[in-house]
1. Can you give me the Cα centroid spacing of region 230-259 and region 136-158 in angstrom?
2. Return the aspartates and glutamates within reach of Lys182: Cα separation strictly under 20 angstrom, same-chain partners fewer than 8 residues apart disregarded; answer none if there are no such residues.
3. Just rank Ile241, Ile278, fewest to most, by other beta-carbon atoms within 10 angstrom.
4. What nm distance separates the two modelled labels at Gln102 and Thr160, each placed 7 Å from Cα along Cα→Cβ?
5. Once the principal axes of the Cα atoms of region 55-100 are found, what is the range along each, listed largest first in whole angstroms?
6. For region 49-322, what percent of Cα pairs sit more than 32 Å apart?
7. When N is the residue count of region 46-203, what does its C-alpha Rg come to as a fraction of 2.2 N^0.38 Å?
8. If you restrict to DSSP beta bridges whose two residues both lie in region 49-322, what percentage is antiparallel, to the nearest 5?
Amino acid sequence: MAILSARRRSAAISVAAVAGLAAAGVGLAVGGASAGTVSGSLYRDPSSAVVRWVAANPGDSRAAVIRDKIASQPQARWYANFNPSTIQSEVSSFIGAANAAQQIPVLSVYEITNRDCGGASAGGAPDLNQYQTWVSNFARGLGNQTVLIILETDSLALQTCLSTSELNARNQALTTATQTIKSANPNAKVYLDGGHSTWNSANDTANRLRAAGVQYADGFFTNVSNFNPTSSEANFGRAVISALNGMGISGKRQVIDTSRNGGAAGDWCADDNTDRRIGQYPTTNTGDANIDAYLWVKPPGEADGCRYTAGSFQPDLAFSLANGAPNPPTTAPPTTNPPTTAPPTTAPPTTAPPTTAPPTTPPPAGNGCSASVAINQWNGGFTASVNVTAGSASINGWTVTVALPSGAAITGTWNAQASGTSGTVRFT
């Protein structure tokens with residue numbers, strides 16, 4: 001099976017040759033060359049709530065869609081329980097599995113005192129002294145390889161319940177937490193709360209980030225548990241970065257939660273909003289120098305606390321988000337994690353498909369070999385599935401030649417060789 005997908009300025013391909021019952025797999029990622037400061041594939045948590053649900057409900061009519069479009073993808077592991085005696089070992093186990101897979105784990109820390117201002121996700125450490133103890137233990141489990149830390153969602157964007165003294169204490173706690181994590185693992189990437197594009201202004205957000213010590217962090221995250229289009233969040237992020245630069249704080253990057261922003265906007269508290277869809281699939285190959293990653297921080301299918309208990313996995317919500325959404329552009333993943341899927345872009349999910357048409361004619365048959373092509377158009381691009389068949393005789397190798405659309409460039413390969421990076425490329 002070979003998959004070719006393309007958008008304006010980006011594409012992805014995977015190919016496999018079949019001889020009888022034998023198959024060889026290959027995948028190649030194609031996309032814009034520019035990106036943020038993070039590179040590599042993201043770690044798929046094999047024990048996430050959605051993975052466990054799929055395994056326990058193979059006969060459910062919703063299982064295949066949820067498996068293919070949600071459970072297959074890397075998502076953040078949330079740490080939201082106040083458990084100072086066990087948090088180090090829990091983190092160390094998770095980090096060890098990701099390191100063994102040579103992939104990048106995403107951890108969402110949600111433990112700040114008086115989190116969510118006592119709302120649906122209330123909880124956290126009993127006080128900020130105990131919070132620092134918890135963070136210190138958390139940091140000791142992080143190892144020394146790259147890890148992405150989403151530090152305290154809503155802690156800066158939502159401050160209406162805090163007095164001036166409480167706000168100052170929280171800012172100091174976040175500054176200390178950032179420094180503690182970076183000291184324990186210098187390769188950890190720490191991002192602070194940037195709210196989202198329809199909440200606080202860019203200047204206000206930048207001021208809040210500065211007060212909370214963003215100068216010690218790698219940047220900020222936006223759109224966690226929200227639904228704003230990627231393009232809106234990217235524009236907002238650029239404005240925040242510009243405001244930080246004006247304060248003398250440079251070199252900061254953004255990460256965007258795209259887990260639920262592929263559909264309608266409207267009322268945030270809408271567990272039953274059937275217009276919403278999953279957004280861009282998670283990747284560190286963003287094609288934007290200001291953006292380190294598109295992440296699924298809020299796991300699709302986990303409730304907000306409106307119709308269901310906050311954080312609980314609900315298969316009807318997951319199915320609603322996944323049903324009708326584009327498939328991941330690649331289907332030949334590594335053993336622990338699918339390739340970083342949809343080609344990066346900061347355009348809205350409704351971007352028109354490229355003007356360059358995908359190939360529709362299969363390569364000519366010869367010496368018993370043949371190939372077939374199946375096209376699947378999707379918003380912003382296409383996928384082309386290529387089956388190469390050896391016929392009755394075995395083969396020692398195969399070649400597939402693809403004319404990439406103008407502006408597309410190959411950025412990586414899996415188990416194959418490419419003759420170039422653009423134009424007409426041979427994959428062997």
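The numbers here are math on the coordinates, done by the rules we state, and not lab data. Computed from a predicted structure; not experimentally measured. All Cβ positions, even for glycine, are placed from backbone atoms using ideal geometry, and neighbour counts span all protein chains on display.
1. Answer, in whole Å: 19.
2. Glu90, Glu111, Glu152, Asp193, Asp218, Asp292
3. Ile241, Ile278
4. About 4.9 nm, to one decimal.
5. 41, 25, 15
6. The share of Cα pairs beyond 32 Å in region 49-322 comes to 19 percent.
7. In units of the globular-protein estimate, region 46-203 measures up at 1.14.
8. 10
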